[in-house]
Amino acid sequence: MIDLRSDTATRPTDGMRAAIAAAAVGDEQRREDPTVNLLQERAAALLGQEQAVFLPTATLANQIALKLHSRPGDALVAERHAHVVIYEYGGPAAHAGLMIEPIEGRAGRFGVAELEAATEPSTKTADQRATVLAIENTHNSSGGRCWPLEELEDVTGAARERGLATHLDGARVLNAAVATGVDPDRVGRLFDTVTLCLSKGLGCPLGALLAGSVATIERAWREKHLFGGAMRQAGIVAAAGVYALDNHVDRLADDHARAHRLAEGWHAAGLPVDLDQVETNFVQLDVGALGLGRDEALARMREGGVGLSSTIHPTIVRAVTHLDVTDDDIDRAIELVPEALGVRAAA
Ligand SMILES: Cc1ncc(COP(=O)(O)O)c(C=O)c1O
């Protein structure tokens, strides 16, 4: 099967496996693992922050950040379909006691007016209020869409004026950086904390980083222990992260080019793809326009040899390009998917 379900499908390359095998390691909990320490330094600099802490998953990085920025009974302002809102099992409520003040975004984005409306106190009890803003870039549920730098500057500036802490769920922020040509540190430094995921486009087996100020990351270490995420010879996996930062960042442009080519091929074959929405490594197909249900469409494509996945939108499925997808895979997917869905381009 050509696996376009998610960019989490990647397996470590030979080069990455060699880096893992050669990793210098130590006790991470004692902060004595040299490879973890190196990865943390590299990630902090890349994201325009003072320090970073290595974590097993981006979910944990997000949850620690939200907890650090709030007290139980505060509200989190986030786009309605943000990962922290719909895919983290209510973590903001479970771990931090946060209520959610959702904003209906466009392509995952929103403006200052919407932020201001969402931060209006809902009661006269002054102490019950929004204290944290989370932004997702690229935005997963809208199909890997990017925030322009100026919009991020405006919204984070307005949040700060209103006393909110700011968190960037930048699980795929390097995809955004490569697609927009804006260095990731210019985006990262707008926020109090930044999550970066290593196990998506960067191709690592696991791992994420949370970056922020020295004081914030010191507090994050305590939460890392509390959540059970403090590890030992974690340099074994951190080595994959260092390797990925050296070798797998610029090549994200290849994933984006392949997603564009796939979208154009499907569009030319008559499939309902909105080419303007393809900004990074996601291609969304609205199979409802073909009179098909999502599950039936996914099953037919899988039978035809191509794996796509569902989205939160009932009739939209997605294809995601990544390190393990070749040009040849794209050529075949351009042929196979229209056939599986019963759509043939006019000869
Ligand atoms: C935007 C975003 N944030 C966070 C995560 C969570 O990543 P992890 O699976 O490493 O917890 C994901 C995973 O898909 C994501 O897309």
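The values are calculated or read from the model by the stated rules, or taken from the named source; none is laboratory data. This one's a predicted model, so the numbers in the text were calculated from it and none came from an experiment. With ideal geometry, Cβ positions are generated from the backbone for all residues, glycine too; neighbour counts draw on all protein chains shown.
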| the range 232-285, residues that are touching a helix residue (DSSP H, G or I) at 6+ places or on another chain (Cβ under 7 Å), basic (Lys, Arg) and under 19 Å from Arg145 (Cα atoms) | Arg258, Arg261
| request: Kindly indicate the residue of the range 291-315 that is in a strand (DSSP E or B) and touching a residue at least 60 places away in the same chain (Cβ under 8 Å) and also farthest from Cys204 (Cα to Cα) among those meeting that condition. | output: Val306
| said: Residues that are more than 21 Å from the chain's Cα centre (by Cα) and aliphatic (A, V, I, L, M): does the range 166-174 have at least one? | reply: no
| field | Those residues of the range 20-58 which are over 24 Å from Asp185 (Cβ atoms) and out of contact with any strand residue (DSSP E or B) (no Cβ under 9 Å at 6 or more places or on another chain), in sequence order | value | Ile20, Ala21, Ala22, Ala23, Ala24, Val25, Gly26, Asp27, Gln29, Arg30, Glu32
| said: Every residue in the range 228-284 that is crowded, with 17+ Cβ neighbours inside 10 Å and either on the phi > 0 side of the Ramachandran plot or among the β-branched types (Val, Ile, Thr) (or both), please. | reply: Ile236, Val237, Val242, Val249, Val273, Val278, Thr280, Val283
| If only one of Glu153, Glu120 is over 17 Å from the mean Cα position of the chain (by Cα), away from the ligand (no atom under 16 Å from the Cβ) and modelled with pLDDT of 95 or more, which one is it? | Glu153
| Name the residues in the range 15-59 that are in contact with a Leu (Cβ under 8 Å, 6 or more places away or on another chain) and either β-branched (Val, Ile, Thr) or within 16 Å of the ligand (Cβ to nearest atom) (or both), would you? | Leu39, Ala43, Leu47, Ala52, Val53, Phe54, Leu55, Pro56, Thr57, Ala58
| field | Tally, over the range 123-148, of residues that are buried (at least 18 other Cβ atoms within 10 Å of the Cβ) and either acidic (Asp, Glu) or more than 13 Å from the chain's Cα centre (by Cα) (or both) | value | 6
| When only residues in the range 3-19 that are surrounded by fewer than 21 Cβ atoms within 10 Å (Cβ to Cβ) and β-branched (Val, Ile, Thr) count, which is farthest from Ala259 (Cα to Cα)? | Thr13
| Of the residues that sit in the range 156-196 and are in contact with a His (Cβ under 7 Å, 6 or more places away or on another chain) and among the charged types (D, E, K, R), which one is farthest from the ligand (Cβ to nearest atom)? | Asp192
| Taking the range 181-227 as the search range and keeping residues that are among the basic types (Lys, Arg) and in contact (Cβ under 8 Å) with a residue 60 or more places away in the chain, which one is surrounded by the most Cβ atoms within 10 Å (Cβ to Cβ)? | Lys200
